[in-house]
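A.B. asks: Got a structure here, written out as structure tokens. Questions coming.
The values are calculated or read from the model by the stated rules, or taken from the named source; none is laboratory data. Note that the structure is predicted; figures quoted are calculated from it, not measured. Positions of Cβ are backbone-derived with ideal geometry, glycine not excepted, and every protein chain shown enters the neighbour counts.
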Amino acid sequence: MAQVHLRDVVKKYGAIQVVHGIDLEIQDNEFVVLVGPSGCGKSTTLRMIAGLEDISGGEITIGDRVVNDLPPRHRNISMVFQNYALYPHMTVRENLGFSLKIAKRPQDEIDRAVDEAAGILSLAEYLDRKPGELSGGQRQRVAMGRAIVRHPEVFLFDEPLSNLDAKLRTQMRTEIKKLHQKVKSTIVYVTHDQVEAMTLADRIVIMRDGHIEQVGTPLDVFESPANTFVATFIGSPPMNLLRGRITGDTISLTDGPLISLPPQFASNVADGQDVILGFRADNLMPVGHAMPMEGAYAEFKMTVNLSEPLGTETLLFGALAGKEVQAKMLNPRPLQNGEQLQFQLDLTRCHLFDAQTEQSLR
Amino acid sequence: MSRFRPPVWFVLLLPAIIILAAVVLIPLILSFYSSFTPYKLTRPDTLYKWIGTFNYEKAIKSTHFWAAFGRTVLLLTIALNLEMLMGLGLALLVNKVTYGQRALRTIMMFPMMFSPVLVGFQFKFIFNDNVGLVNNALQSLGLTDKAIPWLVDGQLAFIAILTAEMWSATSVFAILILAGLFAVPRDPIEAAKVDGCTPWQSFRHITLPYIMPFIYIALAIRSLDVARAYDIVQIMTNGGPARRTELLWTLIGRTGYIDAKMGYANAMGYISIFLAIFFTVYFFRKLNAARSELGMAG
Ligand SMILES: Nc1ncnc2c1ncn2[C@@H]1O[C@H](COP(=O)(O)OP(=O)(O)O)[C@@H](O)[C@H]1O
Ligand SMILES: [Mg+2]
């Protein structure tokens, strides 16, 4: 049983503060992904959980122990590093069994654990090679194997897939997900890749500049982003954001058309308030090339400057209110660049943010 | 018709070849040749008398030669091991220092800048039985009231020489091992910490394999130095008293210049070179093994 709790955790390097009082409760067996742009303090947070960095303030508990002053070896954790961090002078077998050897476990137990891990990760035929004789993907698997042989309470992953090519990354992503189902334990996983975060996580923690911006299930953060940062960070293509002002029951987009106020926000805004309207490409489609819209929608003309056929759908780049806006089209048909189409915007799926605070107005 | 035209690369290399031949090759050949003659500095004509391997046989049968040989190997073994351990300790300490490390590193180099002759004089003074620092200190502390004959007693003199050698060369190990410590990647050390290693275990299982190549390089360099040890011993004890601290090269030096038996001295010299070669080859093999262990061999 290992919950991980972070309470007001702070990290300073000298005078520079890089993690600003993070609160986070991770449940037993939960797969939590820390995601955010590079430099936002994900690794630092993870390394504080591991005990590789001192904690400048606050409290971290693993299970029911406060671990602030425990060295990594007493925290019962495993970590997978971005650069694998294998021991170059040991064979794969020795790498896998190292932690058990250090723990002075009997040799037959070590052999059994190593064989089991090698089986799970298909490493059996490489056991007698050294890390230098393995491919990137194989090294990655050894690093994961080294983490699982000990059956730790908590797994920590720091961007474990970022050194792999795209195909391998997708493959390993699935492997990690399967692994979590097989070896039940708590996982804290760091990545800057929102796709990885969405596909792996039970819950996503979105970080920026040493702060947590939002915590929620992948669907939560996708469907109801707490602010414009989360809105643009999660989801591909990023959410369209247009500035405007509330006038009566419409939004007057800056240098753009009037759009009726999405009904779900009607009671949350004041007349004259500056807002940011957000919507995803999936909710802006040309008339006649979309599923018919139910509920409230807005309609306006927009010039399409570029189209990218993606197979089942086509991504359209248009200009609205002086900004580039992405839309989608089903039923692909050849388009002329510069062609003007009538678009429908699904208002029920729109988001509204305050222009000053950039927080959601929901 | 056509005259021989040497290739351009040869012409360009010619000055270097000529200088190397003059400086290295000719003295080498001359000294090697002279080891087969009864050449005495005082009688130049003896250089032209060929006596075959007589000098070599004489050296191999000489107990003085083998005593010096054994003493050199002993000094080499003890000095290298102690210097290695102390250098390692020093490097680990300096590596921990964050503030003022550059200054420390510079200070650590000082002994290397001292000429061995100067080191010899320093320690000759330090170990002097009447006015030396060691005896004065021991007497002031009341540990002894005698004047300990540091440079006269065979074993004490050996210790005194060993101390001087270590003072002047521990920093060779420290500097090279420190370079090795700087090159140890952070990741595997952190992985080891997470894998449950105590600081000592991380050092033993991860750091040490990484710095072994550096240790072997230092050992190779220093084994050459000690196998050729001369200056410090020459100044401190002159191989004496009564040959009690005689090393190979003080013996050879005395035979060549005091006794003027150049041919014989050269023969002993050529036998002694094998000692240096043996240790160098040995440590380089160890070095390559340690490197391939880390997957660095190429
Ligand atoms: N040892 C350090 N000394 C000073 N600043 C550091 C150190 N390590 C990281 N930082 C800073 O802390 C911030 C967060 O770093 P990190 O946690 O590695 O980011 P992420 O993993 O999210 O990319 C960065 O701005 C980085 O420059
Ligand atoms: Mg990072």
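A.B. asks: Taking region A:66-93 on its own, how many of its residues are within 16 Å of ligand 2 (Cβ to nearest atom), in contact with a Lys or Arg (Cβ under 9 Å, 6 or more places away or on another chain) and under 19 Å from A:Thr186 (Cα atoms)?
C.D. replies: Matching residues across region A:66-93 total 2.
A.B. asks: When you go through A:Leu34, A:Leu46 one by one, which is the residue that is within 12 Å of ligand 2 (Cβ to nearest atom), in contact with a strand residue (DSSP E or B) (Cβ under 8 Å, 6 or more places away or on another chain) and within 14 Å of chain B (Cβ to nearest Cβ)? Don't jump to the end; show me each part of the working.
C.D. replies: Numbers: A:Leu34 fails: within 14 Å of chain B (Cβ to nearest Cβ).
So the residue among A:Leu34, A:Leu46 that is within 12 Å of ligand 2 (Cβ to nearest atom), in contact with a strand residue (DSSP E or B) (Cβ under 8 Å, 6 or more places away or on another chain) and within 14 Å of chain B (Cβ to nearest Cβ) is A:Leu46.
A.B. asks: Let me ask you something else. Condition test on A:Val80, is it surrounded by 17 or more Cβ atoms within 10 Å (Cβ to Cβ), within 13 Å of chain B (Cβ to nearest Cβ) and closer than 19 Å to A:Pro152 by Cβ?
C.D. replies: Working: surrounded by 17 or more Cβ atoms within 10 Å (Cβ to Cβ): yes; within 13 Å of chain B (Cβ to nearest Cβ): yes; closer than 19 Å to A:Pro152 by Cβ: yes.
In short, yes.
A.B. asks: Find all pairs meeting these conditions: Cβ atoms under 6 angstrom apart; at least six residues apart or on different chains; first residue within region B:156-184 and charged (D, E, K, R); second residue at pLDDT 90 or above.
C.D. replies: These pairs meet every condition: B:Glu165/B:Ala79.
A.B. asks: Moving to a separate point now. Can you confirm whether region B:161-177 contains a residue that is of a type in the set (Val, Ile, Thr), at pLDDT 90 or above and closer than 30 Å to A:Lys104 by Cβ? Spell out how you get there, then give the answer.
C.D. replies: Taking region B:161-177 first, the residues of a type in the set (Val, Ile, Thr) are B:161, B:163, B:170, B:172, B:175, B:177.
If we keep only those that are at pLDDT 90 or above too, we end up with B:161, B:163, B:170, B:172, B:175, B:177.
In the following step, the residues that additionally are closer than 30 Å to A:Lys104 by Cβ were identified as B:177.
Taking every residue of region B:161-177 in turn, at least one turns out to be of a type in the set (Val, Ile, Thr), at pLDDT 90 or above and closer than 30 Å to A:Lys104 by Cβ.
A.B. asks: Say we look at region A:136-168 and pick out the residues that are small (Gly, Ala, Ser) and away from ligand 2 (no atom under 16 Å from the Cβ); which of these is surrounded by the fewest Cβ atoms within 10 Å (Cβ to Cβ)?
C.D. replies: From region A:136-168, those small (Gly, Ala, Ser) are A:136-137, A:143, A:145, A:147, A:162, A:166; that's our starting set.
Subset that is away from ligand 2 (no atom under 16 Å from the Cβ): A:136-137, A:145, A:147, A:166.
Values: A:Gly136: 12, A:Gly137: 18, A:Gly145: 26, A:Ala147: 28, A:Ala166: 8.
The qualifying residue surrounded by the fewest Cβ atoms within 10 Å (Cβ to Cβ) is A:Ala166.
A.B. asks: Could you check region A:333-360 and list, in sequence order, the residues that are of a type outside the set (S, T, N, Q) and surrounded by fewer than 20 Cβ atoms within 10 Å (Cβ to Cβ)?
C.D. replies: Filtering region A:333-360 down to residues of a type outside the set (S, T, N, Q) leaves A:333-335, A:338-339, A:341, A:343, A:345-347, A:349-355, A:358.
Across region A:333-360, the qualifying residues are A:Arg333, A:Pro334, A:Leu335, A:Gly338, A:Glu339, A:Leu341, A:Arg349, A:Asp354, A:Ala355, A:Glu358.
Listed here are the residues, each with its yes/no results for (1) out of contact with any helix residue (DSSP H, G or I) (no Cβ under 6 Å at 6 or more places or on another chain); (2) exposed (fewer than 12 other Cβ atoms within 10 Å of the Cβ); (3) β-branched (Val, Ile, Thr).
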| residue | (1), (2), (3) |
| --- | --- |
| B:Leu12 | yes, yes, no |
| B:Phe32 | yes, no, no |
| B:Leu41 | no, no, no |
| B:Lys49 | yes, no, no |
| B:Asn55 | no, no, no |
| B:His64 | yes, no, no |
| B:Glu83 | no, no, no |
| B:Leu90 | no, no, no |
| B:Val94 | no, no, yes |
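A.B. asks: Using the structure shown, decide if A:Gly63 is over 14 Å from A:Val190 (Cβ atoms) and more than 12 Å from chain B (Cβ to nearest Cβ).
C.D. replies: Numbers: over 14 Å from A:Val190 (Cβ atoms): yes; more than 12 Å from chain B (Cβ to nearest Cβ): yes.
Criteria met by A:Gly63.
A.B. asks: Here's a follow-up. Any chance region A:127-135 includes a residue that's more than 11 Å from chain B (Cβ to nearest Cβ) and crowded, with 16+ Cβ neighbours inside 10 Å? Write out each step before concluding.
C.D. replies: If we filter region A:127-135 for residues that are more than 11 Å from chain B (Cβ to nearest Cβ), which is where we start, we get A:127-128, A:135.
Now restrict to residues that are crowded, with 16+ Cβ neighbours inside 10 Å: A:127.
Yes, some residue in region A:127-135 is more than 11 Å from chain B (Cβ to nearest Cβ) and crowded, with 16+ Cβ neighbours inside 10 Å.
A.B. asks: Another one. Name the residue, out of A:Ala15, A:Ala85, that is of a type in the set (A, V, I, L, M) and touching an Asp or Glu at 6+ places or on another chain (Cβ under 6 Å). I'd like the intermediate steps shown before the answer.
C.D. replies: Details: A:Ala15 fails: touching an Asp or Glu at 6+ places or on another chain (Cβ under 6 Å).
Answer to the check: A:Ala85.
A.B. asks: Looking only at region A:108-126, count every residue that is of a type outside the set (Phe, Trp, Tyr), away from chain B (no Cβ under 14 Å), touching a helix residue (DSSP H, G or I) at 6+ places or on another chain (Cβ under 6 Å) and more than 21 Å from A:Ile187 (Cα to Cα) and tell me the total. Spell out the reasoning first.
C.D. replies: Quick first cut of region A:108-126, residues of a type outside the set (Phe, Trp, Tyr) only: A:108-125.
In the following step, the residues that additionally are away from chain B (no Cβ under 14 Å) were identified as A:108-109, A:111-112, A:115-116, A:118-125.
This time we only want the ones that are touching a helix residue (DSSP H, G or I) at 6+ places or on another chain (Cβ under 6 Å), so: A:118, A:121, A:123-124.
Okay, now just the ones that are also more than 21 Å from A:Ile187 (Cα to Cα), so A:123-124.
Summing the residues that are of a type outside the set (Phe, Trp, Tyr), away from chain B (no Cβ under 14 Å), touching a helix residue (DSSP H, G or I) at 6+ places or on another chain (Cβ under 6 Å) and more than 21 Å from A:Ile187 (Cα to Cα) in region A:108-126 gives 2.
A.B. asks: Which of the residues spanning region B:257-279 are touching a residue at least 60 places away in the same chain (Cβ under 8 Å) and in a loop (DSSP other than H, G, I, E, B)? So that I can check it myself, show each step before the final result.
C.D. replies: From region B:257-279, those touching a residue at least 60 places away in the same chain (Cβ under 8 Å) are B:257, B:260-264, B:266-272, B:275, B:279; that's our starting set.
Within region B:257-279, B:Ala260 is the sole residue that qualifies.
A.B. asks: From the list A:Val304, A:Val269, A:Val275, pick out the single residue that is surrounded by fewer than 20 Cβ atoms within 10 Å (Cβ to Cβ) and β-branched (Val, Ile, Thr). Reasoning before the result, please.
C.D. replies: On the way: A:Val304 fails: surrounded by fewer than 20 Cβ atoms within 10 Å (Cβ to Cβ); A:Val275 fails: surrounded by fewer than 20 Cβ atoms within 10 Å (Cβ to Cβ).
The unique qualifying residue is A:Val269.
A.B. asks: Determine which member of the set B:Arg222, B:Arg291, B:Arg254 is at pLDDT 85 or above, assigned to a helix (DSSP H, G or I) and within 14 Å of chain A (Cβ to nearest Cβ).
C.D. replies: Values: B:Arg222 fails: within 14 Å of chain A (Cβ to nearest Cβ); B:Arg254 fails: within 14 Å of chain A (Cβ to nearest Cβ).
Only one candidate qualifies: B:Arg291.
A.B. asks: Just give me the residues in region A:31-72 being part of a strand (DSSP E or B) and either in contact (Cβ under 8 Å) with a residue 12 or more places away in the chain or within 15 Å of ligand 1 (Cβ to nearest atom) (or both), in sequence order.
C.D. replies: Start the filter on region A:31-72 by keeping residues that are part of a strand (DSSP E or B), which leaves A:31-35, A:57-62, A:65-66.
Passing the criteria: A:Phe31, A:Val32, A:Val33, A:Leu34, A:Val35, A:Gly57, A:Gly58, A:Glu59, A:Ile60, A:Thr61, A:Ile62.
A.B. asks: A:His89 versus (1) within 11 Å of another protein chain (Cβ to nearest Cβ); (2) within 21 Å of A:His151 (Cα to Cα); (3) touching a helix residue (DSSP H, G or I) at 6+ places or on another chain (Cβ under 9 Å): which is the lone unmet condition?
C.D. replies: (2)
A.B. asks: Taking the condition of being more than 11 Å from ligand 1 (Cβ to nearest atom) and crowded, with 22+ Cβ neighbours inside 10 Å, how many residues in region A:7-30 meet it?
C.D. replies: 3
A.B. asks: From (1) under 23 Å from the mean Cα position of the chain (by Cα); (2) surrounded by 11 or more Cβ atoms within 10 Å (Cβ to Cβ); (3) not basic (Lys, Arg), pick out the condition that doesn't hold for B:Val24.
C.D. replies: Every listed condition holds for B:Val24 apart from (2).
A.B. asks: Just one of B:Leu208, B:Leu176 is within 12 Å of chain A (Cβ to nearest Cβ), in a helix (DSSP H, G or I) and surrounded by fewer than 24 Cβ atoms within 10 Å (Cβ to Cβ); which is it?
C.D. replies: So the residue among B:Leu208, B:Leu176 that is within 12 Å of chain A (Cβ to nearest Cβ), in a helix (DSSP H, G or I) and surrounded by fewer than 24 Cβ atoms within 10 Å (Cβ to Cβ) is B:Leu208.
A.B. asks: For A:Asn337, state whether it is out of contact with any His (no Cβ under 6 Å at 6 or more places or on another chain), of a type in the set (S, T, N, Q) and modelled with pLDDT of 90 or more. Can you show your working first?
C.D. replies: Numbers: out of contact with any His (no Cβ under 6 Å at 6 or more places or on another chain): yes; of a type in the set (S, T, N, Q): yes; modelled with pLDDT of 90 or more: no.
So A:Asn337 fails the test.
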